[in-house]
Amino acid sequence: MIRPLILVSNDDGISSEGIRVLEEAVSSLGDVYVVAPDQERSAASHALTIHKPLRITQKDARHFALNGTPTDCINFALYVILPRKPDLIVSGINHGSNLADDVTYSGTVSAAFEGSILGTPSIAFSLQVPEEPQKTAHFDTALIYARKIAQSHLSSPLEFSVLLSVNIPDLPPEDVRGIRVTRLGKRLINETNIIRKEDPRGRPYYWIGMGPKDYEPDESSDLHAIDHGFVSVTPLHLDLTHYPSLSRLRKWEEGPASVKAGSKPE
Ligand code: MN
């Protein structure tokens, strides 16, 4: 039997701890290739590099670094590097959760979006990390759940247009309360997170800070699940169409008959 081909990528860079753990998590499930950015590209979102040349650095038979974004990496893996189409793409394990609106900024989740667009079942994994920088993150917990969920997905794959965003709470394995299937939550945006400081010469500079902690109460949300010690699994898809608005906007439609004479540029 042919072993599944699994592609591992991320947005924290090929040298990050999270991608090493993810590779370890899926190594028993198939033949694994790693194609990842050569440096951290967090919050790269779904960017594709079109204004500079890209170069692949091959580290060994199955590890490749690219001087591009997570989305570039998925394209290069599928069309330049891999011997055949992969059976599964896993992205992460991101250093930090990707909950609610975060998924639109996240390079980790965008790599999975790209995999899904290109026709491969994909999963993004993100680990909630402690706020205190001296504390270590629970990659041991993330490894267990990444392996479990990747295995479930390989044995009964969803349609490739649906990707999974998995978040793991900042807890040791024995304290995790279980797995919950969730929807994206909504944070309460009530103040700016742009922080103004002054440099030694008295000129202002700015940092974009952390997002708000409070969120809309909703027991079905990813934010609630992580806050209550569960692993959160959110199915996502890239059809951003708001279907209820289609019928409401129909009255804006115009046919060729209603175009006024002379309104077309000659
Ligand atoms: Mn990241």
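The values are calculated or read from the model by the stated rules, or taken from the named source; none is laboratory data. This one's a predicted model, so the numbers in the text were calculated from it and none came from an experiment. Here the Cβ positions follow ideal geometry from the backbone for every residue, glycine too, while neighbour counts run over all protein chains shown. Surface accessibility is based on the protein's heavy atoms, side chains included, excluding ligands, DNA and RNA. Shrake-Rupley method; radii C 1.70, N 1.55, O 1.52, S 1.80 Å.
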(request) Count charges around Glu131 for me, please; just the other residues with Cβ under 12 Å from its Cβ, Lys/Arg as +1, Asp/Glu as -1. (result) 0
(message) Net charge around His237, counting only other residues with Cβ within less than 14 Å of its Cβ (Lys, Arg = +1; Asp, Glu = -1)?
(response) -2
(message) Counting only other residues whose beta carbon sits under 15 Å from that of Glu24, what net charge do I get with K and R as +1, D and E as -1?
(response) 0
(request) Using a 1.4 angstrom probe, figure out how much accessible area the chain has per residue, in square angstrom, rounded to the nearest whole. (result) 57
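Counting each pair of different Cα atoms once, what's the Kirkwood radius of segment 63-126 in Å, rounded to one decimal?
12.0
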(message) With just the Cα atoms defining each centre, how far is segment 147-190 from segment 17-73? Give it in Å.
(response) 21
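Give me D for the chain in µm² s⁻¹, whole number, from Stokes-Einstein with Rh from the Kirkwood sum over alpha-carbon pairs, 10 °C and 1.306 mPa s.
Values: Rh = 20.1 Å.
D, rounded to a whole number, is 79 µm²/s.
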(message) What translational diffusion coefficient, to the nearest whole µm²/s, does segment 158-243 have by Stokes-Einstein, given a Kirkwood radius computed over alpha-carbon pairs, a temperature of 20 °C and 1.002 mPa s viscosity?
(response) 136
(request) Search the structure for amide H atoms under 5 Å from the amide H of Thr49, placed 1.01 Å from N in the peptide plane, and list their residues when 5 or more places away or on another chain. (result) Thr69, Asp72
(request) Any chance you could run the full-extension gain for Lys135 through Thr104? It's 0.36 nm times the residue separation minus the Cα-Cα distance, nm to one decimal. (result) 8.4 nm
(request) Run the dipole for the chain about the Cα centre, Lys and Arg Cβ at +1, Asp and Glu Cβ at -1, nothing else charged, and hand back the magnitude in debye, nearest 20. (result) 780
(message) Only four residue types carry charge here, +1 at the Cβ of Lys and Arg and -1 at the Cβ of Asp and Glu. Report the dipole size of segment 181-240 about the Cα centre in Debye, rounded to the nearest 20.
(response) 440
(message) Taking amide H atoms as placed 1.01 Å from N in the peptide plane, list the residues 5 or more away in sequence, or in a different chain, whose amide H sits under 5 Å from that of Asp101.
(response) Arg187
(request) Only Lys, Arg, Asp and Glu count, each charged at its Cβ (+1, +1, -1, -1), so figure out the dipole size of segment 75-184 about its Cα centre, rounded to 20 debye. (result) 400
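How high is the FRET efficiency between Ser152 and Ala61 when r is their beta carbon distance and R₀ equals 22 Å, given to the nearest 0.05?
On the way: r = 28 Å, r/R0 = 1.29.
Efficiency at R0 = 22 Å is approximately 0.20.
Note the count of lysine pairs whose C-alpha atoms are less than 24 angstrom apart in the chain, limited to pairs 8 or more residues apart or on different chains.
Working: Lys59/Lys85; Lys85/Lys148; Lys135/Lys213; Lys186/Lys213; Lys197/Lys213; Lys251/Lys260; Lys251/Lys264.
Lysine pairs meeting both conditions in the chain amount to 7.
Ignoring ligands, DNA and RNA, what percent of the accessible area of the chain is carbon or sulfur (1.4 Å)?
Working: 8270 of 15280 Å².
Answer for the chain is 54 percent, counting heavy atoms of protein chains only.
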(request) Would you mind calculating the relative contact order of segment 91-205 from Cα pairs under 8 angstrom and at least 6 residues apart, reporting the percent as a whole number? (result) 29
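At 37 °C and 0.692 mPa s, grab the translational diffusion coefficient of segment 43-177 from Stokes-Einstein with a Kirkwood Rh over Cα pairs, rounded to a whole number in µm² per second. Working shown, then result.
Values: Rh = 15.8 Å.
For the chosen part, D equals 208 µm²/s.
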(request) Could you tell me which of Ala137, Ser126, Pro200 has its Cα farthest along the dipole of segment 126-220 towards the positive end, charges placed at Cβ (Lys, Arg +1; Asp, Glu -1), taken about the Cα centre? (result) Pro200
(message) With the crude spin-label approximation of a point 7 Å out along Cα→Cβ, what separation in nm comes out for Ile189 versus Ser220?
(response) 2.3
(message) At 1.4 Å probe size, what's the solvent-accessible area of Tyr205? Round to the nearest 10 Å².
(response) 90
(request) Calculate the spin-label point distance for Arg250 paired with Asp199, positioning each point 7 Å from the Cα along the beta-carbon direction, and give it in nanometres. (result) 5.8
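Looking only at trypsin sites (Lys or Arg not before Pro) in DSSP loops with at most 14 other Cβ atoms within 10 Å, what is the longest site-free stretch of the chain?
Maximal segment without exposed cleavage sites: 1-54.
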(request) List the residues whose amide H sits under 5 Å from the amide H of Ala44, counting only those 5 or more places along or on another chain, with H placed 1.01 Å from N in the peptide plane. (result) Gly107
